[in-house]
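A.B. asks: I'd like to ask you about the structure that follows.
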There are 2 protein chains.
Amino acid sequence: MNTRVRGQNLTYSIANHIGTAIVTGVYSKDNPIPIEADLSKEFGASRPVLREAVKMLTAKGLLSARPRRGTWVQPESHWNLLDPDVLGWLLQRKFSTALLIEFTELRLAVEPAAAMLAARTAGAAEKAALSAAIERMQAAERGDDDPLESDIAFHVAVLQASRNRFYAQLTGFTATALRFSIRMTNRYKGVRLASVAVHKKVSDAILAGKSAAAGEAMRRLIQEALRIMKKRHAESAARKGTPEA
Amino acid sequence: MNTRVRGQNLTYSIANHIGTAIVTGVYSKDNPIPIEADLSKEFGASRPVLREAVKMLTAKGLLSARPRRGTWVQPESHWNLLDPDVLGWLLQRKFSTALLIEFTELRLAVEPAAAMLAARTAGAAEKAALSAAIERMQAAERGDDDPLESDIAFHVAVLQASRNRFYAQLTGFTATALRFSIRMTNRYKGVRLASVAVHKKVSDAILAGKSAAAGEAMRRLIQEALRIMKKRHAESAARKGTPEA
DNA sequence: ACCGCAATATTATAATATAAATACGATTAT
DNA sequence: ATAATCGTATTTATATTATAATATTGCGGT
């Protein structure tokens, strides 16, 4: 149980285990999360270590505890979904197209706005990062760079260029979304090649300080990705709905 | 030091103290955060308790620790600003108009999009909540309800009606933003009263399923709030810039 | 000057004891 | 019979202490 793959120490390893178990719905009313003492036995760890792991998860809104009542899982609405760890656990083990769609709906709001801000406030360094990302995408188009990573670099550059700390916070989420969306829109290549031009349109507008154009271009870009996801989602739902068709 | 006002127990109380100290910039290169042993002395708490508090803060991206290297504050870019606690600490003790503006810029992206989604997907219960919030605002207009709380109820209702878990996550943030923005736009009772009509426009569009109209109405609403904030911000910046004028 | 090793500081883990909080049940009074 | 109160048991909260692991720093040798 204490493989310690990630985070390198027992506390983090246990927090990851329990965190994953919680978000994947292992615990329920019939199967509540065990008390501190039992958990520490289960993981073969001391109580202090286990308590630290539990405290980390309460800090992320997943757990709560009281004397005599024990430890319990918070309702899902209380989970801090925007915490990178929580989101990672959720997507890693319970990947669902529905979640990815919800996620992309948030990106559809955030990234065009970030592009608009970026067009107004981006400095030299941020513009350089943006240009570099576009060049990487063009290189990827020729097979000289990684399409996914260059794509991520572009979206991150836009968010950073907004010079807004809250948008900048979302870089991790966009990166996560893109990494997972590749599972869905697997053929990346055909779609991606065409979209380099669209990405460049965003970049050009930001570099030229054209706020509205930048926002609109970004909106189209993500809207198109969302459209494909929804189509796929509907198809797979139809397959499940009529298994013998 | 162990007043235990919030969270009721020592661990949370210490996490709050240290968390607040971190985000308000108490610790720096010259004044690094003390090591575990010294911190536990400082707060008069046992080491396990202090370690739990530190682990909660590492879970929120504020701290990191290694054997022999000690404990250190993570760079600001690493802080989980979207964590309600972190944001609360930041605004409570280091309230700045700049931060509120950045925050509202995010709302300007998110809430119109949520309104658009809501117009398409809101169910009966969500629509009822929305109508109730509008009625509360109208009551507040007559002095029969609290203007701030009814305003919050409205924005929360829209986010919830989007039926998107990530938008729903942001209800706490919008509530926080509104509570703090009243400090700034406090004397603008006139503006507030007039805006009930604008809020109702959003609500009507959502209830009628008019997505684009709902989004546009919400965008205008927040854009106006943002405009006022920026004006104030510029004014106070000017005052500071020319103290003897 | 550079490489390696040892000393040392600090967190990580463990074991254990005591205190506080609270849910539940029993008992008593109305 | 029902409600209220009190006691008991369970679980987390806090404290103490010891040992292990880890990584930095400096020293010493080459």
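The values are calculated or read from the model by the stated rules, or taken from the named source; none is laboratory data. Just so it is clear, the model here is predicted, and its values are computed rather than measured. With ideal geometry, Cβ positions are generated from the backbone for all residues, glycine too; neighbour counts draw on all protein chains shown. Surface areas here come from the heavy atoms of the whole protein model, side chains and all, with no ligands, DNA or RNA. Shrake-Rupley method; radii C 1.70, N 1.55, O 1.52, S 1.80 Å.
A.B. asks: Per-residue accessible area for B:Trp72 at 1.4 Å probe radius, Å² rounded to 10?
C.D. replies: Its heavy atoms expose roughly 60 Å² to the probe.
A.B. asks: Once the label point is placed 7 Å from Cα along Cβ, list for A:Arg142 the distances to the corresponding points in the other copies, in nm, shortest first.
C.D. replies: Listed shortest first, these distances are 7.2 nm.
A.B. asks: Let me ask something else about it. Note the count of lysine pairs whose C-alpha atoms are less than 22 angstrom apart in chain B, limited to pairs 8 or more residues apart or on different chains.
C.D. replies: Lysine pairs, 8 or more places apart or on different chains, close enough: 20.
A.B. asks: Using a Gaussian network model of chain A with C-alpha springs under 10 Å, which one of A:Ala161, A:Ala132, A:Ala118 is most mobile by mean-square fluctuation?
C.D. replies: The residue with the greatest mean-square fluctuation here is A:Ala132.
A.B. asks: Now for a separate question. Please give the charge dipole size of the stretch A:69-163, origin at the Cα centre, charges +1 on K and R Cβ atoms and -1 on D and E Cβ atoms. Round to the nearest 20 debye.
C.D. replies: On the way: 9 positive and 14 negative charges, 73 e Å.
Taking the Cα centre of the stretch A:69-163 as origin, the dipole is about 340 debye.
A.B. asks: In addition: Please report, for the Cα atoms of the stretch A:10-78, the Rg to one decimal and the Dmax as a whole number; what are they, in angstrom?
C.D. replies: 10.9, 31
A.B. asks: Right, next: Show me you know the interface measure: the accessible area buried between B and A, both chains summed, probe 1.4 Å, in Å² to the nearest 100.
C.D. replies: 3400
A.B. asks: While we're on this one: Label the stretch A:31-151 by shape, choosing from rounded, prolate and oblate, from the square roots a ≥ b ≥ c of the eigenvalues of the Cα gyration tensor; if a/c is under 1.5 it is rounded, and otherwise prolate applies when a/b is larger than b/c, oblate when it is not. Write down the numbers at each step before the final one.
C.D. replies: On the way: a/c = 2.79, a/b = 2.45, b/c = 1.14.
Verdict is prolate for the stretch A:31-151.
A.B. asks: If you don't mind, another one. Considering only the label points, 7 Å along Cα→Cβ from Cα, what distances in nm to one decimal separate A:Ala124 from the same position in each other copy, shortest first?
C.D. replies: 6.3
A.B. asks: In whole angstrom, how far apart do the alpha carbon centroids of the stretch A:38-58 and the stretch B:117-135 sit?
C.D. replies: Answer, in whole Å: 42.
A.B. asks: If ligands, DNA and RNA are left out, what is the accessible area of B:Asp38 with a 1.4 Å probe, given in Å² to the nearest 10?
C.D. replies: Solvent-accessible area, nearest 10 Å²: 70 Å².
A.B. asks: Out of A:Arg51, A:Arg68, A:Arg227, any idea which swings most in a Gaussian network model of chain A, alpha carbons joined below 10 Å?
C.D. replies: In the Gaussian network model the winner is A:Arg68.
A.B. asks: Expressed as a whole number of Å, what is the distance separating the alpha-carbon centroids of the stretch A:80-97 and the stretch B:154-181?
C.D. replies: Here the two parts' Cα centres lie 20 Å apart.
A.B. asks: Quick one, what does Rg over Rh come out to for the stretch B:95-241 if you take C-alpha atoms and the Kirkwood Rh? It would help to have the intermediate numbers written out before the result.
C.D. replies: Values: Rg = 14.9 Å, Rh = 15.3 Å.
Reported Rg/Rh (Cα atoms, Kirkwood Rh): 0.98.
A.B. asks: How high is the relative contact order of chain B? Use alpha-carbon pairs under 8 Å, at least six apart in sequence, and give a whole percent.
C.D. replies: Numbers: 273 pairs, mean separation 45.3, N = 245.
Computed over chain B, the figure is 18 percent.
A.B. asks: Could you tally the net charge around A:Leu221, taking each other residue with its Cβ under 9 Å from the Cβ of A:Leu221, Lys/Arg +1 and Asp/Glu -1?
C.D. replies: Working: positive: A:Lys201, A:Arg219, A:Arg220; negative: A:Glu111, A:Glu224.
Every neighbour counted, the sum reads +1.
A.B. asks: Please compute, for peptide B:160-166, the average count of beta-carbon atoms on other protein chains lying within 10 Å of each residue's beta-carbon. Could the numbers behind the result be given before it?
C.D. replies: Details: counts 1, 0, 4, 2, 6, 10, 13.
Average neighbour count from other chains, rounded to a whole number: 5.
A.B. asks: Quantify how strongly other chains surround peptide A:55-64 by giving the mean number of their Cβ atoms within 10 Å of each of its Cβ atoms. Intermediate results must be reported in sequence, preceding the final value.
C.D. replies: Values: counts 11, 7, 2, 5, 14, 5, 4, 0, 0, 0.
Per residue, the average neighbour count from other chains is 5.
A.B. asks: So what's the net charge close to A:Val26: Lys and Arg +1, Asp and Glu -1, counting the other residues with Cβ under 15 Å from its Cβ?
C.D. replies: Numbers: positive: A:Lys29, A:Arg93, A:Lys94; negative: A:Asp30, A:Asp38, A:Glu42, A:Glu76.
Overall, the nearby charge balance is -1.
A.B. asks: For every other residue with a beta carbon closer than 14 angstrom to the beta carbon of B:Phe180, add +1 if it is Lys or Arg and -1 if Asp or Glu, then tell me the sum.
C.D. replies: Values: positive: B:Arg93, B:Lys94, B:Arg107, B:Arg179, B:Arg183, B:Arg232; negative: B:Glu102, B:Asp151.
Charge balance in the 14 Å sphere: +4.
A.B. asks: Using a probe radius of 1.4 Å on heavy atoms only, what accessible surface per residue do you get for the protein assembly as shown? Whole Å² is fine. Each step should come with its number before you reach the end.
C.D. replies: Numbers: 23850 Å² over 490 residues.
Computed with neighbouring chains in place, this is 49 Å² per residue.
A.B. asks: Quick one: helix B:84-93 against the long Cα principal axis of chain B, what's the angle to the nearest 10°, folded into 0 to 90?
C.D. replies: 80
A.B. asks: Only counting protein heavy atoms at a 1.4 Å probe, give the residues of the stretch A:97-121, ordered by number, whose accessible area falls by 50 Å² or more when the other protein chains are present relative to the chain alone.
C.D. replies: Residues meeting the cut-off: A:Glu102, A:Glu105, A:Leu106, A:Ala109.
A.B. asks: Let me ask something additional. Taking only Cα atoms and a 10 Å spring cutoff, compute GNM fluctuations for chain B and point out the largest among B:Lys29, B:Lys210, B:Lys60.
C.D. replies: Result: B:Lys29 has the largest fluctuation of those listed.
A.B. asks: Which chymotrypsin sites (Phe, Trp or Tyr not before Pro) in the stretch B:96-199 sit in a loop by DSSP (not H, G, I, E or B) and have at most 16 other Cβ atoms within 10 Å of their own Cβ?
C.D. replies: On the way: sites: B:Phe103, B:Phe154, B:Phe166, B:Tyr167, B:Phe173, B:Phe180, B:Tyr188; in loops: B:Tyr188.
Here the sparse-neighbourhood loop sites are B:Tyr188.
A.B. asks: Tell me the mean residue ellipticity at 222 nm calculated for chain B from its helices only (DSSP H runs of n ≥ 4, each -39500 (n - 2.57), averaged over every residue, nearest 500). Please list the in-between numbers first.
C.D. replies: Working: 11 runs with 172 residues, N = 245.
Computed mean residue ellipticity for chain B: -23000 deg cm²/dmol.
A.B. asks: How large is the Kirkwood hydrodynamic radius of the protein assembly as shown, in angstrom, based on all distinct alpha carbon pairs?
C.D. replies: Kirkwood hydrodynamic radius for the protein assembly as shown: 24.5 Å.
A.B. asks: About the Cα centre of the stretch B:10-78, what is the dipole size in debye to 20, counting +1 per Lys and Arg Cβ and -1 per Asp and Glu Cβ, all else neutral? Intermediate results must be reported in sequence, preceding the final value.
C.D. replies: Values: 9 positive and 6 negative charges, 57 e Å.
About 280 debye.
A.B. asks: Helix B:171-184 versus the longest principal axis of chain B: what is the Cα-based angle in degrees, 0 to 90, to the nearest 10?
C.D. replies: 90
A.B. asks: For chain B, with only Lys/Arg (+1) and Asp/Glu (-1) charged at the beta-carbon, what is the dipole magnitude about the Cα centre, in debye rounded to 20? Working shown, then result.
C.D. replies: On the way: 36 positive and 24 negative charges, 67 e Å.
So the magnitude is around 320 debye.
A.B. asks: Shortest first and in nm to one decimal, what separations exist between B:Arg239 and its copies in the other chains, measuring from label points 7 Å along the Cα-to-beta-carbon line?
C.D. replies: Output for B:Arg239: 6.3 nm, nearest copy listed first.
A.B. asks: If you take the alpha carbon radius of gyration of chain B and divide it by 2.2 N^0.38 Å, what ratio comes out, to two decimals?
C.D. replies: Numbers: Rg = 21.3 Å, N = 245, 2.2 N^0.38 = 17.8 Å.
Ratio of Cα Rg to 2.2 N^0.38 Å: 1.20.
A.B. asks: What FRET efficiency comes out for B:Asn9 versus B:Ala125 if R0 is 25 angstrom and r is the Cβ-Cβ distance? Round to the nearest 0.05.
C.D. replies: 0.10
A.B. asks: Among B:Ile134, B:Leu63, B:Ile228, flag the residue with its Cα farthest along the positive direction of the charge dipole of chain B, charges on Cβ as +1 for Lys/Arg and -1 for Asp/Glu.
C.D. replies: B:Leu63
A.B. asks: Efficiency by 1/(1 + (r/R0)^6): what FRET value for B:Val198 and A:Arg69, r their Cβ-Cβ distance, R0 = 35 Å, to the nearest 0.05? Mind dumping the intermediate values first?
C.D. replies: Values: r = 45 Å, r/R0 = 1.30.
The computed FRET efficiency comes out at 0.15.
A.B. asks: Another one. Return one number: the angle in degrees, 0 to 90 and rounded to the nearest 10, between the long axis of the Cα atoms of helix B:189-207 and the longest principal axis of the Cα atoms of chain B.
C.D. replies: 70
A.B. asks: How high is the FRET efficiency from B:Asp146 to A:Asp145, r the C-beta distance, R0 60 Å, rounded to 0.05?
C.D. replies: Numbers: r = 56 Å, r/R0 = 0.93.
Efficiency at R0 = 60 Å is approximately 0.60.
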